[in-house]
Amino acid sequence: MPVVLILLLAGPGGLATAADEYVIGPEDIVRISFWQAPELDQEATVRQDGKITVSIIGEITAAGLTCRELASQIESNISLYNKKISQATVTVIGFNSQKVFVSGQVVAPGKKTFEVIPDLWTVIKEAGGATETGDLTRVTIIRSKESGGEVITVNVLEAISSGNLENLPKLNSGDTVEIPKTAGGTLGHQLANEYIGGKNVI
């Protein structure tokens, strides 16, 4: 089920949701609505330069702003052209800036996008989990260039077995997670699909 961020500004006392803390980034898709002028409603994808093009206003920076901040910027700018418009609704309908790439021995490799980057095991599960030939004892995290490009090898199976998933390295947007092929059969896959310590971790 897709997650959506919605914020309606109504001046200084505007109502904001908890999701207002999300910071918009490149590739995110936003919906901008004006209830006083619905003909100006639109959707826009944040470009790599962090900008979007808004009806009447033109280009405006969206990346690095929360929904509240972007809505405020839009309201300030559009009021210069149409003083009847005082309220804007900004909705994030596509969380594409927060992404992790998963490759190797997983059921559904590829880019996975999130509202907030989760832990390593959750990302692997989001990719369908390891295949029968996936080796969860040698999972590789390749940091993005922005995060330094470091390569880390992690024994995810041990973390599952010991119940210490919280000790797994944190992931950053743009990281790549690779599950190599095991040379020792399907033990890792089987264990990860069992109840570990009385709790089903799948």
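Among the residues of the range 145-165, those that are within 21 Å of the chain's Cα centre (by Cα) and in a helix (DSSP H, G or I) comprise Lys145, Glu146, Ser147, Leu165.
Scan the range 92-136 for residues that are closer than 30 Å to Gly58 by Cα and crowded, with 19+ Cβ neighbours inside 10 Å and jot them down.
Initially, the range 92-136 is screened for residues closer than 30 Å to Gly58 by Cα, giving 92-99, 113-116.
Val92, Phe95, Ser97, Gln98 - these are the residues of the range 92-136 that are closer than 30 Å to Gly58 by Cα and crowded, with 19+ Cβ neighbours inside 10 Å.
Cβ-Cβ distances below 6 Å connect the following pairs, each with a first residue in the range 30-52 that is part of a strand (DSSP E or B), a second residue that is of a type in the set (Asp, Glu), and a separation of six or more residues or different chains: Arg31/Glu43; Ser33/Asp41; Lys51/Glu59.
Restricted to the range 166-190, and to residues that are closer than 15 Å to Arg138 by Cα and assigned to a helix (DSSP H, G or I), which residue is modelled with the highest pLDDT?
Within the range 166-190, the subset closer than 15 Å to Arg138 by Cα is 168-169, 176-189.
After this cut, where a residue has to be assigned to a helix (DSSP H, G or I) as well, the list is 187-189.
Values: Leu187: 50, Gly188: 50, His189: 53.
Among those residues, the one meeting the criterion is His189.
The residue that is modelled with the highest pLDDT, counting only those in the range 12-35 that are more than 16 Å from Thr53 (Cβ to Cβ) and out of contact with any strand residue (DSSP E or B) (no Cβ under 8 Å at 6 or more places or on another chain), is Gly25.
The values are calculated or read from the model by the stated rules, or taken from the named source; none is laboratory data. The model shown is predicted, which means the values in this text are computed figures rather than measured ones. Because the Cβ atoms are built from the backbone with ideal geometry, glycine has one as well, and the counts that use them run over all protein chains shown.
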